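**Q** Following this message is one structure expressed as structure tokens.
Values in this text are rule-based calculations from the coordinates and carry no lab data. Keep in mind that this is a model prediction, so the values were computed, not measured. Please note: Cβ atoms are built from the backbone with ideal geometry, for glycine as well, and neighbour counts cover all protein chains shown.
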There are 2 protein chains.
Amino acid sequence: MSELHLSRNTIHFAEPLPLQSGAILAGYDLVIETYGRLNPEKSNAVLICHALNASHHVAGPSPDDPEDIGWWDNMIGPGKPIDTDHFFVIGVNNLGSCFGSTGPMSLNSATGKPYGADFPVITVEDWVNTQARLADKLGIRKFAAVMGGSLGGMQAMAWSIQFPKRIEHCVVIASTPKLSAQNIAFNEVARNAILSDPDFHGGNYYAHNVIPKSGLKLARMVGHITYLSDDDMAEKFGRELQRPVGESNDYRFSFDVEFEVESYLRHQGEKFSKYFDANTYLLITRALDYFDPARRYEGSLQRALAEVQAKFLVVSFTTDWRFPPNRSREIVAALLSNKSEVSYAEIDAPHGHDAFLLDDPRYHHLIRAYFDQMHEARR
Amino acid sequence: MSELHLSRNTIHFAEPLPLQSGAILAGYDLVIETYGRLNPEKSNAVLICHALNASHHVAGPSPDDPEDIGWWDNMIGPGKPIDTDHFFVIGVNNLGSCFGSTGPMSLNSATGKPYGADFPVITVEDWVNTQARLADKLGIRKFAAVMGGSLGGMQAMAWSIQFPKRIEHCVVIASTPKLSAQNIAFNEVARNAILSDPDFHGGNYYAHNVIPKSGLKLARMVGHITYLSDDDMAEKFGRELQRPVGESNDYRFSFDVEFEVESYLRHQGEKFSKYFDANTYLLITRALDYFDPARRYEGSLQRALAEVQAKFLVVSFTTDWRFPPNRSREIVAALLSNKSEVSYAEIDAPHGHDAFLLDDPRYHHLIRAYFDQMHEARR
């Protein structure tokens, strides 16, 4: 089998970045990873946009920790659905995130201290602008595809709107044209958990040498519930009690961990609080809330997508109750009304929103066929 | 129109109460309200069981605050679906709650201090035992009906199992024979919010003159999301921004309240934290988690309900995603397998779990018809 040709780089952007909020970021770094090789025509590049807690590290073992496998490794690599023998795949850590790109933990050159609460609010549209500048640096005039799941799908969609000539295919998975009131409500609970943690210190906890750990744990716990389907949770945990082997299966009548699902959630929260930054959590959930391309067109998604030139692949999962199939169908309907080219698949999968990260065979066959066809058409 | 004949009483029970956990409660008070008049045969009594945050104050204006209208006032009163001209309705504040019955805030006579963390864990079955003792005190051998929504419905179900001869009709609304993993997960997030609040002090916050307010607010916010349907939230709030009249409708790019739904949730959390006790929240959510009558019958609900003599009315609401219709159908199926008498209605209502508290005409007609028929049959 051929190699992944993983390369990791930090790229500095010196030119100030005007943001949607009106703020201007003086300069910033983006960490990227690339897989495969850019062809001489620079026409085989695929940009992978990440969701809330992921990063530039999309595929293969991390250069600095071979145990740390990329978050979409089942999708991207030699011989995988997005075949790095054909495509040059780019993962980029979003501005404001906490895995090396400039974000709230970074030093603010104006003060010599971490940005903390002073880091500006970032939108999906802002991210796309930084990614376009990245493409400029890499000499990529037009992406073969921009692709993402969930929040990553929003970035792909925004690409097709902001830079219609620079994206050939737009792959939007388990996403939505805008959050519902319920989606925003869950984000608000998560943010409030962080904001009300006494260790948050108004976002400047770095100076206090603490992190708002309880808040971050709670945020992750509530988030995690929305990523799994009800059925999947029932299947995985049911009402099983968390018990060491040989111990009585009677109720313990306490508020400590009693059920497996409680143990699982606490563990997920704990793990997350050790690697994720609370300010980044606020920023990214807010970017989710604000995304609504139809907003400037009196709510018309069709008009928002009027200038689109990309061909779309839209994928949803039947048990995803965070961004259910009907949200994807709104995108498809708007594109069809514009006579844009769009393929749509609704995958019958049990794993809820998280399905976009898993290797369901029907889902992977579909992505493989789509990219194979793209590759064939270009030869 | 005739009068409600509201009467409120605190009843002391001196006899120690053995609990399902093995603990024994030395003695306790229950606050009750009654409406209508008990007939000479004492055969027209209806017990109303409350859910998480409600109380004995079911109908009419509160004796000490005329603005405070009972939580099921649209259902119970003269000429209402449960007509207090025919039925003698009893509301009881559950043991462990915080509206006058003995609970964590009460003085523990053994220590002279509030129980706090020492208050024993209570189960649905324990509540039913206290309610049976209450019936004994009132001279009620058999209830015409025991009725409740959500957790109240679990109590009604438990009545039919624990005291099959003492309940003629069992009315179970928007309920479930046991929580799902997802239900437990949401309770666990809410409990963790309270447990991790520094003002919780291991449950003994009364001594510190504080309450775990942030935790209680978060608990309520996450709970509240599960009470409303996705559509209902979309209808009520959509993506409306929270703006004073005349102010710009542009995004503010901050983590403060931005959307209406955020303002609503924060307000609900704030309100709740002012009247509800955090230890009671822990207790009642744990009672929900533990309820599972089929557990001692290797998971067979049919066997758990084998001794039932009551006639059942089971009601669910189409958009209730907390306890969806399929959970009610499990109860109905088990009863039918036992050849018990059961009526089932699935009400097409938009308001999610909260629908059981609202006055949807089809729902109220159904309850009215059921109780009218009950009344006619007894004349």
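**Q** Starting from the exponent 0.38 and prefactor 2.2 Å, build the expected Rg for region A:234-275 from its residue count and divide its actual Cα Rg by it. Spell out each step's value before the answer.
**A** Details: Rg = 11.7 Å, N = 42, 2.2 N^0.38 = 9.1 Å.
That works out to 1.29 for region A:234-275.
**Q** With N residues in region A:305-379, what two-decimal value do you get for its Cα radius of gyration over 2.2 N^0.38 Å? Don't jump to the answer; show the numbers that get you there.
**A** Details: Rg = 13.4 Å, N = 75, 2.2 N^0.38 = 11.3 Å.
My calculation over the Cα atoms of region A:305-379 gives 1.18.
**Q** At A:Ser7, label 7 Å along Cα→Cβ: distances to the other copies, nm, ascending?
**A** With the label placed 7 Å along Cα→Cβ, A:Ser7 yields 8.8 nm.
**Q** Kindly write out, for region A:291-301 in residue order, the coupling ³J(HN,Hα) from the Karplus curve 6.51 cos²θ - 1.76 cosθ + 1.60 (θ = phi - 60°), rounded to whole Hz, with x marking Gly and Pro.
**A** 4, 5, x, 6, 4, 7, 10, 6, x, 8, 5
**Q** Let me ask you something else. Counting every Cα pair in region B:3-147, what percent are over 20 Å apart? Spell out each step's value before the answer.
**A** Values: 4909 of 10440 pairs.
Result for the distance tail: 47 percent.
**Q** Suppose R0 equals 41 Å. What FRET efficiency, 1/(1 + (r/R0)^6) with r the Cβ-Cβ distance, do B:Asp372 and B:Ala117 give to the nearest 0.05?
**A** Details: r = 47 Å, r/R0 = 1.15.
Calculated value: 0.30.
**Q** More than 37 angstrom separation, counting every C-alpha pair in chain B; what % is that? Intermediate results must be reported in sequence, preceding the final value.
**A** Details: 14103 of 71631 pairs.
Percentage above 37 Å: 20.
**Q** Same structure again: Say the dipole of the protein assembly as shown comes from +1 at the beta carbon of Lys and Arg and -1 at that of Asp and Glu; which of B:Gly139, B:Ser254, A:Leu95 then lies farthest toward its positive end?
**A** B:Gly139
**Q** Hey, another quick one. Mind putting a number on the dipole of region A:105-222 about its Cα centre? Charges go on the C-beta only, +1 for Lys and Arg and -1 for Asp and Glu, and I need it in Debye to the nearest 20.
**A** Values: 12 positive and 8 negative charges, 70 e Å.
Dipole size: approximately 340 debye.
**Q** For a protection proxy built on the mean count of beta-carbon atoms within 10 angstrom, sort A:256-266, B:262-272, A:153-163, B:204-214 highest first, please.
**A** On the way: A:256-266: 20.7, B:262-272: 18.9, A:153-163: 25.5, B:204-214: 17.0.
Order by mean packing, descending: A:153-163, A:256-266, B:262-272, B:204-214.
**Q** When the Karplus curve 6.51 cos²θ - 1.76 cosθ + 1.60 is applied with θ = phi - 60°, which whole-Hz ³J(HN,Hα) does each residue of region A:271-276 get, with x for Gly and Pro?
**A** 3J(HN,Hα) across region A:271-276, in whole Hz: 4, 4, 5, 8, 10, 10.
**Q** Evaluate peptide B:211-219: per residue, the Cβ atoms of other protein chains within 10 Å of its Cβ; return the mean as an integer. Intermediate results must be reported in sequence, preceding the final value.
**A** Working: counts 0, 0, 1, 8, 4, 0, 4, 8, 1.
Taking all residues of B:211-219 together, the mean is 3.
**Q** While we're here: I need the phi-derived Karplus couplings for region A:87-97: 6.51 cos²θ - 1.76 cosθ + 1.60, θ = phi - 60°, integer Hz, Gly and Pro marked x.
**A** Those phi angles translate into 10, 9, 9, 10, x, 10, 7, 5, 3, x, 7 Hz.
**Q** Could you tell me the distance between the Cα centroids of region A:128-181 and region A:20-89, to the nearest Å?
**A** 13
**Q** Here's another thing I want to ask about it. Where does the charge balance sit around A:Gly79 when Lys and Arg score +1, Asp and Glu -1, over other residues with C-beta under 12 Å from its C-beta?
**A** Numbers: positive: A:Lys80, A:Arg368; negative: A:Glu3, A:Asp83, A:Asp85, A:Asp372.
My count for the surroundings of A:Gly79 gives -2.
**Q** List, largest first, the extents of the alpha carbons of the protein assembly as shown along their principal axes, each in whole Å.
**A** 96, 64, 52
**Q** Now for a separate question. What nm distance separates the two modelled labels at A:Asn74 and B:Gln309, each placed 7 Å from Cα along Cα→Cβ?
**A** Going from the A:Asn74 label point to the B:Gln309 one covers 5.5 nm.
**Q** Placing +1 at every Lys and Arg Cβ and -1 at every Asp and Glu Cβ, with all other atoms neutral, what dipole size does region A:259-339 have around its Cα centre, in debye to the nearest 20?
**A** Details: 12 positive and 10 negative charges, 62 e Å.
About 300 debye.
**Q** Run down the lysines and flag those whose C-alpha is under 28 Å from the C-alpha of A:Lys274, throwing out any fewer than 8 positions away in its chain.
**A** A:Lys113, A:Lys213, A:Lys217, A:Lys236, B:Lys213, B:Lys217
**Q** Between B:Glu67 and B:Ser109, 0.36 nm times their residue separation minus their Cα-Cα distance comes to what? Spell out each step's value before the answer.
**A** On the way: separation 42, 0.36 × 42 = 15.12 nm, distance 3.42 nm.
That pair, B:Glu67 and B:Ser109, stretches by 11.7 nm at full extension.
**Q** Put a point 7 Å out from Cα along the line to Cβ at B:Val210; what are the distances to that point in the other copies, in nm, shortest first?
**A** For B:Val210, the inter-copy label distances come out at 1.0 nm.
**Q** If you take the square roots of the eigenvalues of the alpha-carbon gyration tensor of region A:160-229 and sort them as a ≥ b ≥ c, do you get rounded (a/c under 1.5), prolate (a/b over b/c) or oblate?
**A** Working: a/c = 3.00, a/b = 1.83, b/c = 1.64.
Verdict is prolate for region A:160-229.
**Q** List every residue whose amide H lies under 5 Å from the amide H of B:Val58, counting only residues 5 or more places away in sequence or on a different chain, with H placed 1.01 Å from N in the peptide plane.
**A** The list, which skips near neighbours in sequence, is B:Trp71.
**Q** When Lys and Arg each count +1 and Asp and Glu each count -1, what net charge do the other residues less than 9 Å away from A:Lys311, Cβ to Cβ, add up to? The partial results should precede the final answer.
**A** Details: positive: none; negative: A:Glu168, A:Glu341.
Neighbourhood net charge equals -2.
**Q** Give me the one-decimal nm value for the distance between modelled label points at B:Lys271 and A:Thr10, 7 Å along each residue's Cα-to-Cβ direction.
**A** Result for the modelled spin labels: 5.0 nm.
**Q** Let me ask another. Placing a label point 7 Å from Cα toward Cβ, how far apart in nm is B:Glu240 from its equivalents in the other copies, listed shortest first to one decimal?
**A** With the label placed 7 Å along Cα→Cβ, B:Glu240 yields 4.5 nm.
**Q** Using the Cα centre of the protein assembly as shown as the reference point, and only Cβ charges (+1 on K/R, -1 on D/E), how large is the resulting charge dipole? Debye, rounded to the nearest 20. List each step's numbers first, then the result.
**A** On the way: 72 positive and 94 negative charges, 57 e Å.
The calculated dipole for the protein assembly as shown is roughly 280 debye.
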